[in-house]
Each structure stands twice: as structure tokens, then as C-alpha cells.
1. What does the charge add up to near G254, with Lys and Arg as +1, Asp and Glu as -1, over the other residues with Cβ less than 13 Å from its Cβ?
2. R206: net charge of surrounding residues, Cβ under 15 Å, Lys/Arg +1, Asp/Glu -1, itself excluded?
3. Scan around D131 for amide H atoms under 5 Å from its own, H built in the peptide plane at 1.01 Å from N, and keep only partners 5 or more places away or cross-chain.
4. Which value in Å does the Kirkwood hydrodynamic radius of region 161-304 take, with 1/r averaged over all unlike C-alpha pairs and then inverted?
5. Calculate, in nm to one decimal, what S22 and A77 gain on full extension: separation in residues at 0.36 nm each, minus their alpha carbon distance.
6. Translational diffusion coefficient, Stokes-Einstein: compute it for the chain using the Kirkwood radius over C-alpha pairs as Rh, at 20 °C and 1.002 mPa s, and state it as an integer in µm² s⁻¹.
7. Could you tell me the calculated FRET efficiency between K97 and Q40, based on Cβ-Cβ distance and R0 = 30 angstrom, to the nearest 0.05?
8. Rounded to the nearest 20 debye, what is the charge dipole size of region 3-87 about its Cα centre when +1 sits on each Lys and Arg Cβ and -1 on each Asp and Glu Cβ?
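None of the figures in this text is laboratory data; all of them are computed from the coordinates on show. On a predicted model such as this, the values are computed, not experimentally measured, just so you know. Don't worry about glycine lacking a Cβ; one is built from the backbone with ideal geometry, like all the others, and counts go over all protein chains shown.
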Amino acid sequence: MHASILVYLPSFVKVVELASFSKAAIALGMTKSAVSKQVQALEDLLKVRLLNRTTRTVRLTDEGEMLYQQARQIVDAANEAQRQVKNLNEQPSGSLKINAPQSFGMLHLAPALAEFAKLYPDIQLEVDFTDKFINILEEGVDVTIRIASLTDSSLIARKLARAQLAFVAAPEYLERFGTPKHPDDLINHRFLEYSYIDRPKEIRWRHRDGSAGVITMNSALRANNAFMLMEALRRGVAMGVFPTFIIGDAIRAGEVVPVLHDYTVDPERNIYALFPHNRHMSAKVRLFIDFISQRFGGTPYWEI
């Protein structure tokens, strides 16, 4: 490979990752025209078009896709080598930007973050608790915590724990509307709906014997905040499907009651720490993920 091609690869990779010359320029600390010239020079050297550009979109050609898969590995390896040399004799330090869902963040991650900050004062934590899905490459986030059935292969994932989900209702609600015995019975019940979840009105269930099905919820209240939904649940407004990291204490206190014990929500959700490929060996990221893995790994303390 021509030596100068290696010079142009970081710009090409960043444009593909962010789907934007402008965003890539900001991320690289360059001007937009400089990034554009580097990608054009790469195309000229290879004598192929790598990107199809319009005023709004940037898309890979077939040749560009082939080059990107290899180029990303080369750029990641070069960045990692640079980081290892730089951090060889250094203690982890600098800014660490963390994103997490609001409910999990406030209930469980906040105490862990406070402990981590006390143990490692040279690392400055920047924390954002939000339930909105973010693009961590665009936002410059080092680690994000997600509760999902993970399908995004553009990120590296470390499973922290299972996110056990339970069908629950307040005793007052069950006295008024009865206790469902089968998921099909839920069609006659009122449900609390979480705004940000995919297909919020649909619940896929699976029995321990392997049988499965889908039901449609009758929404009584819709909100984008788990604490609002918990308050409605406690007051008997409707039933809900909640992760045990939110509902565990309320179940133990008898404020709400699990139902449909032999059924689970499908597919299974887990709690993950995710981080971009190009940050996978950062000392501070590795230190933080090891720390929370030890805290939440195995059977988490909130499970019922």
C-alpha cells in the first residue's frame, strides 16, 4: 500500500462513522475542506469512488465498503498503539463521559459513580442520565449503559447483568380487576406504557415450556419517565412490565405484586456497557468497565 494512503484513512473512516464531512472535521480538529480533500486524494490514489455524496447524505460505494472494513481496523490499531505508548507510565486520568438511562442511573449507577470518583480523583466524570437513545460516536461518549436486546454491531459490548422483567400490579388494582392467569388475559387489563420502548403497545411473551405469543396492551397512561410510571403503578392505575432493578424494593415491601410467574417477556433484555471500537483499550474506560462489572456482575442485588 502506498504510504500516503495511510495518512488519508483516518479522515475517510471518521466521515463514514459520522456520515458527515462537517461532523468528521469537528471530531478530527480539521476544517471541512481539509477532510474533503483528504478523502478525494484517497479516491484519486485508488482510482475508485469510495463515497456517494449529496447535500444531505454520505453513502459508501461497494468499493468504499470494502475499504472501510479494513481501514477501520488499521486506524483502530494505530490509535491503540499510540494510547498504549502514551499511557505506559501514566495513571488513568482525564475526562470520562458516561451516558446511562435515567432510572438505572439514579437508582444504581449514581452510588457506583460516586465511589469510582472518590477512588480515582484524576479522572473527571461527565455524566448524563437520559432515556433518549443517543449516537455515542456523535456525542463523544466514552461509555454508555444500555438495557436492551443488543443488535448494534458497531459498538463493543460488555454484559453487566440480566435485566429481569416482571409483570406487576398493585394489590388494589388486582382486587378491582382480578389477577391474570395467562398472558391472553391481559387484553382485558389496563397497562402503563413507556414512551421510548420499541413497539410500546406490544408484548411478546414466552412460557417456561417454550410456548410463546404476542399480546397488545390497552394503554391507560403513557410517560417517558419510569418514576412517573412507578407512582401510577403503586396507586393502582394500571398494570405494568418493569425491570426488577426498578421494582424490586416495591415488591419486597408488598406495594406491588408479581403476576404470571411462569411467563417472561421475550426477547430477554440485558444491561450492557457499550463503547466505540476506537476507544476499546483506553485505560480509563477499561478501569471504569471493570469497576462496574464487579459491582453489578453475577446475580445483581436488586433481583427478586
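1. -1
2. -2
3. Q102
4. Over region 161-304, the inverse of the mean reciprocal pair distance is 16.6 Å.
5. The span from S22 to A77 would gain 17.4 nm if fully extended.
6. The diffusion coefficient I find is 96 µm²/s.
7. 0.40
8. Dipole magnitude for region 3-87 comes out near 360 debye.
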